[in-house]
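Below is one structure; the comments refer to it alone.
The values are calculated or read from the model by the stated rules, or taken from the named source; none is laboratory data. These numbers come from a predicted model, not from an experiment. Cβ coordinates were reconstructed from backbone atoms using ideal geometry, including for glycine residues, and neighbour counts include every protein chain displayed. For the accessible areas, the whole protein counts, side chains as well, though only heavy atoms, and no ligand, DNA or RNA atoms are used. Shrake-Rupley method; radii C 1.70, N 1.55, O 1.52, S 1.80 Å.
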Amino acid sequence: MRTRLIAGNWKMHKTAAEAVTFVHEFRKVLSPSTSIDIVLAPPFVSLFAVQQAMTQEDRFAIAAQNLYWETEGAYTGEVSGSMLQDLGCTYVIVGHSERRHLFGEKNDEVNKKVKAALAHGLIPILCVGETLEEREAGNTQAVVKDQLLKGLSEVGVENIPTIIIAYEPVWAIGTGRAASVEQAEEVHAFLRATLSTEFGEISQDVRILYGGSVSPQNAEALFSCKEIDGALIGKACLDPVVFAKICGLADLAST
Ligand code: 13P
């Protein structure tokens, strides 16, 4: 049985002070008995403040939104896996479609980041997803397979169950137009079948999240699907009450 995971990708939102306020408010509204894994991914500059605001009792962990693959050196503006580990990050988002499409990240760079994350004890949340053009041209499976297998190239099979995959169709991100349960289910099943072919039975342990316009309105239906192990949430994670509601729905679906 895979433990459901809900991650909130704050993208470029909230100052450090606002991030701390979020933690205080989220703690108040999150059910203390939650049985799912919950992850907050604030911007780099708020990670320290969030980590400092967290207590032993908190039922959530932190993620960075990106990393660089070198450990240290003359790489102006970059942040390494060892720095993130030192800050208390448990997870790191890798290959988000905004990194791929706005900042030109390629599969080989995504792969270096996945490997660097693992080398520093961070759990990569590897994002894959097709554009609307690619979907309409019937290329969804080819695109996500390429992103998945190139992203996981040279990753030892022993690391596979640790890695989290997030299927985020680009056309569903920030558009209010989430994939239907059937659309998500189809791609999730394809991703798992692809993992199974490549890495064997161990792939059954990999959690595959859905991302793209997840809200309290559509979360219940998405979480009722056995292929969907949780969600990577953008807009709806910025309000602690809304985010806690989605976490509650995931928890409910797990019982
Ligand atoms: P939205 O939930 O705002 O569509 O964003 C999804 C996303 O990109 C999470 O990484």
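Normalised by the residues of the chain, what does the relative contact order come to in percent, with Cα pairs under 8 Å and at least six apart? Result for the chain is 23 percent. Taking packing as the residue-averaged number of other Cβ atoms within 10 angstrom, the listed peptides 67-74, 218-225 run from highest to lowest as 218-225, 67-74.
Once the Cβ-Cβ distance between ALA119 and THR197 is put in as r, and R0 is 25 Å, what FRET efficiency do you end up with, to the nearest 0.05?
On the way: r = 26 Å, r/R0 = 1.03.
Result of the calculation: an efficiency of 0.45.
What length, rounded to one decimal in nm, is gained on full extension from ASP86 through to GLU186, with 0.36 nm per residue of separation minus their alpha-carbon distance? Result for the pair: 32.2 nm of gain on full extension.
Listed peptides 42-51, 133-142 appear in the order 42-51, 133-142 once ranked by packing, highest mean of other Cβ atoms within 10 Å at the front. Under 5 Å from the amide H of ALA64 lie the amide H atoms of TYR91, VAL92, ILE93, each residue being 5 or more positions distant or on a separate chain, with H modelled from the backbone and absent for Pro and chain starts. So what's the gap between the Cα centers of the stretch 123-147 and the stretch 196-251, to the nearest angstrom? Here the answer is 17 Å between Cα centres. For the stretch 151-205, the relative contact order comes to 41 percent (Cα pairs under 8 Å, sequence separation of at least 6). Each of the peptides 59-66, 236-243 was scored by the mean count of other Cβ atoms within 10 Å over its residues; in descending order, highest first, they stand as 59-66, 236-243.
Express the relative contact order of the stretch 74-157 as a whole percentage, based on alpha carbon pairs under 8 Å and six or more residues apart in sequence.
32 percent
Taking a ≥ b ≥ c as the square roots of the Cα gyration tensor eigenvalues, the stretch 34-185 comes out prolate, since a/c reaches at least 1.5 and a/b is larger than b/c. Ordering SER180, ILE160, GLN147 by the projection of their Cα atoms onto the charge dipole of the stretch 144-202, which places +1 on the Cβ of Lys and Arg and -1 on the Cβ of Asp and Glu, puts SER180 at the extreme positive end.
Convex hull of alpha carbon positions in the chain: directionally averaged projected area 12.7 nm².
Taking a ≥ b ≥ c as the square roots of the eigenvalues of the Cα gyration tensor, an a/c ratio of 1.5 or more together with a/b larger than b/c marks the stretch 103-211 as prolate. Here r is the Cβ-Cβ distance between GLU72 and HIS101 and R0 is 25 Å; the resulting FRET efficiency, rounded to 0.05, is 0.30. Can you send over the carbon and sulfur percentage of the accessible area for the chain, probe radius 1.4 Å, protein chains only? Taking all protein chains in place, the chain shows 52 percent carbon and sulfur surface.
Among rounded, prolate and oblate, which fits the stretch 87-166 when a ≥ b ≥ c are the square roots of the eigenvalues of its C-alpha gyration tensor, a/c under 1.5 means rounded, and a/b larger than b/c means prolate? Don't jump to the answer; show the numbers that get you there.
Details: a/c = 2.29, a/b = 1.70, b/c = 1.35.
Prolate, since a/c reaches 1.5 and a/b exceeds b/c.
Placing unit charges on the Cβ atoms only, positive for Lys and Arg and negative for Asp and Glu, gives the stretch 21-83 a dipole magnitude near 280 debye about its Cα centre. Residues within the reach of a label modelled at LEU132 (point 7 angstrom out along Cα to beta-carbon, backbone nitrogen below 13 Å), restricted to the stretch 153-172, are 170-172. Taking all protein chains into account, the per residue accessible area for the chain stands at 45 Å² (1.4 Å probe). The calculated FRET efficiency for ASP58 paired with SER153, based on their beta-carbon distance and R0 = 51 Å, is about 0.90.
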